[in-house]
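Below is one structure, written out as structure tokens; the observations come after it.
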Amino acid sequence: MIRTILIATDYSLESLNILKKVMREKDAAEDQNQYNILLVSGYDMGDSIRDLLFNTKSTVFHKLRPQEFCDAYGIIRNKYSHLISKITCDIFTGSFQRTFNNYIKAGNIQEAYYSPSIKSRGQGRFDLIPYIKKCRDLESREISLEITGRLPEKGRLAEIFVEA
């Protein structure tokens, strides 16, 4: 059976620790399901006509998502290929709870995971956690991330290999 999971992210390498932790738990439980993973960030498109006409998802992703983030989730996808059907990055641009609820229903999303230590602020981003907590149609869970000491490779792809 294929299930869909939403993971609130800010497109930093640290936010991929949520995905790692969730997949590690599913793997330890010997889960037989396949998962479509949605890595979602809230993004305010603005209200100027220029922004609304000329900003596409690809231009927004070019601003928000570094290439090393894509490389890192590719590594996680390969490690848990028996659990992950596909990984998709997306942005939520609504500003009402009803819009978020419709986003959840349209995407057939059953589970959501988030961490309060991931700060989705700046560059037009906003936090999805209040929307996730208020959604009744969604099984949500907070994941606590331990912030480890500074690594010499901080901010590099090597962080994905560090086990928390």
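For the reader, a short list of remarks on this structure follows.
- Looking across the range 1-53, the residues that are farther than 14 Å from His82 by Cα and part of a loop (DSSP other than H, G, I, E, B) come down to Thr9, Asp10, Tyr11, Ser12, Asp44, Met45, Gly46, Asp47, Ser48.
- Residue within the range 106-123 that is in contact with a Phe, Trp or Tyr (Cβ under 7 Å, 6 or more places away or on another chain) and not in a helix (DSSP H, G or I) present: yes
- Selection status of Arg77, of a type outside the set (Gly, Ala, Ser), farther than 22 Å from Ile132 by Cα and surrounded by fewer than 18 Cβ atoms within 10 Å (Cβ to Cβ): yes
- Candidate set from the range 25-59 (those that are surrounded by 13 or more Cβ atoms within 10 Å (Cβ to Cβ) and touching a residue at least 60 places away in the same chain (Cβ under 8 Å)); member that is farthest from Arg125 (Cα to Cα): Leu38
- Residue within the range 93-100 that is surrounded by 13 or more Cβ atoms within 10 Å (Cβ to Cβ), more than 13 Å from the chain's Cα centre (by Cα), part of a helix (DSSP H, G or I) and of a type in the set (Lys, Arg) present: no
- Number of positions in the range 122-135 that are within 12 Å of Asp10 (Cβ to Cβ) and either in contact (Cβ under 8 Å) with a residue 60 or more places away in the chain or of a type in the set (A, V, I, L, M, F, W, C) (or both): 7
- In the set (1) free of Cβ contacts under 8 Å to residues at least 60 places away in the same chain; (2) outside any strand (DSSP E or B), the condition left unmet by Lys63 is number (1).
We did not get these values from a lab; they are worked out from the coordinates using the rules stated. Keep in mind it's a predicted model, so treat the numbers as computed, not measured. When we count neighbours, we look across all protein chains shown, and the Cβ atoms used for this are built from the backbone with ideal geometry, even at glycine.
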